Amino acid sequence: MGTESLVKNGFDSSVRNKEKPSQSQQKPLPHTYLDNRVTNPQRENKRTRSQRARERLQTKEHLVGLAVGLGEVELADKLDRCHSRLAVLTCGRHIARIIPNFTCEFRLCPDCGRRRSRKLQKKYLPMMRGFMLRHKVTPVHLVLTQTHRTETRKQSAKRIKDSFTKLQRRGFWKQYFNGGTWSLEFTKDKNGLHHTHLHIIGFRRKFFDIELLRDEWLAVTGDSYVLHLKPIQDIATGLREVVKYVSKPLDIRRFGAEDLKEFLGLKNMRMFGTFGEFRDFCKDFEPSDSGAAVSELESLSRDLVEGCACPHPQCDEPLFELRMSAKELPQFYEQVEMSKNVLKSP
Ligand SMILES: [Zn+2]
Ligand SMILES: [Zn+2]
């Protein structure tokens, strides 16, 4: 069996049951969290918009509570005001645009995170398409992990980023990859140890044996060889998967006051970046008309006002504006979802 068939089967999950002779005496714990999240990336997308809107509200309430507890009154107030009043442009069956009263821009705010991840997708998708065309490379989603140690979040992030920098300097990496993007994801295990992962969209020049990459990762980290690799079939979907971690770097519902405190100390830490030849490509990139068509709906929606025709396909109904509070939004989504179901049924 060649590497190709192994890789084509999706994630290489064989590592869990495999004992690999290594310099490390310690066998890493099974990455149940990683496996769940990575092998079921669709689960999140299956939840309805109303469910996700409800979850954002809960996350925010939780964050506000933690901020108040820490005496971060200003932060709590900003979070509370952010997206609290909304102007929704709708035809009654579709939502064309949502304009918030205020955005807090706090890194853990789920509403601002969504905006940020949409912005990143809009910015990088045309560049990725252009880069793939020019260099004839195929994108893969690579997840790099490291062993858990007693360390701060900051130390954990620095350790994995430093390892990745070392990896990029190696001949193997240069031979098979020519750049991409990275984003950080933070989680914690039951014992309170940090798991930090790097989610990478790597542009691969040609196939290689995953075991070789594992050996390379072990060589730079000294004790970690757990990684996952999945070919990306559609770059728009792949990018959306990866920038998700920018909008949601960790599971905030399991977040305590100490976590928030620590996170506030990370103010300047970068969570997303480009590397290698792709990084240089981005600097010189000028979007062409064809490449700019990221999401026609989204670019259209910027100029929409009351009275315009609904931009959704096969809908010409005029848009009107509804004012509502954030708490009313999930229910409005529900109404919209229900009206769609009614239309779909024969
Ligand atoms: Zn419509
Ligand atoms: Zn916000």
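A few points about this structure:
- Pick from the range 86-114, criterion assigned to a strand (DSSP E or B), away from ligand 1 (no atom under 16 Å from the Cβ) and not β-branched (Val, Ile, Thr), ranking: farthest from residue 244 (Cα to Cα): 87
- Residue under evaluation residue 104, criteria (1) surrounded by 19 or more Cβ atoms within 10 Å (Cβ to Cβ); (2) within 30 Å of residue 233 (Cα to Cα), criterion not met: (2)
- Of all residues making up the range 71-100, the number that are surrounded by fewer than 19 Cβ atoms within 10 Å (Cβ to Cβ), more than 13 Å from ligand 2 (Cβ to nearest atom) and of a type in the set (Gly, Ala, Ser): 3
- Within the range 232-274, tally of residues that are outside any loop (DSSP other than H, G, I, E, B) and surrounded by fewer than 17 Cβ atoms within 10 Å (Cβ to Cβ): 10
- Some residue of the range 115-135 being more than 16 Å from ligand 1 (Cβ to nearest atom), in a loop (DSSP other than H, G, I, E, B) and over 24 Å from the mean Cα position of the chain (by Cα): no
Rundown of residues vs (1) surrounded by 16 or more Cβ atoms within 10 Å (Cβ to Cβ); (2) closer than 25 Å to residue 279 by Cβ; (3) within 23 Å of the chain's Cα centre (by Cα); (4) among the polar types (S, T, N, Q), yes/no style:
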position: 146; (1), (2), (3), (4): yes, yes, yes, yes
position: 150; (1), (2), (3), (4): no, no, no, yes
position: 158; (1), (2), (3), (4): no, yes, yes, no
position: 167; (1), (2), (3), (4): yes, yes, yes, no
position: 180; (1), (2), (3), (4): yes, yes, yes, no
position: 188; (1), (2), (3), (4): yes, no, yes, no
position: 198; (1), (2), (3), (4): yes, yes, yes, no
position: 202; (1), (2), (3), (4): yes, yes, yes, no
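- Number of residues in the range 275-291 that are at pLDDT 95 or above and assigned to a loop (DSSP other than H, G, I, E, B): the value is 0.
- Some residue of the range 176-185 being farther than 22 Å from residue 260 by Cβ, assigned to a helix (DSSP H, G or I) and without any contact (Cβ under 8 Å) to a residue 60 or more places away in the chain: yes
- Residue in the range 105-118 that is within 16 Å of ligand 2 (Cβ to nearest atom) and either at pLDDT 95 or above or touching a His at 6+ places or on another chain (Cβ under 7 Å) (or both) present: yes
- When residues of the range 48-85 are limited to those that are polar (S, T, N, Q) and part of a helix (DSSP H, G or I), the one nearest to residue 255 (Cα to Cα): 59
- First in the range 247-275 and closer than 12 Å to residue 70 by Cβ and touching a residue at least 12 places away in the same chain (Cβ under 8 Å), second anywhere and among the polar types (S, T, N, Q) and loosely packed, with under 15 Cβ neighbours inside 10 Å, Cβ under 8 Å, 6 or more apart: 262/152
The values are calculated or read from the model by the stated rules, or taken from the named source; none is laboratory data. Computed from a predicted structure; not experimentally measured. For neighbour counting, all protein chains shown are included, and Cβ atoms are generated from backbone atoms with ideal geometry for every residue, glycine included.
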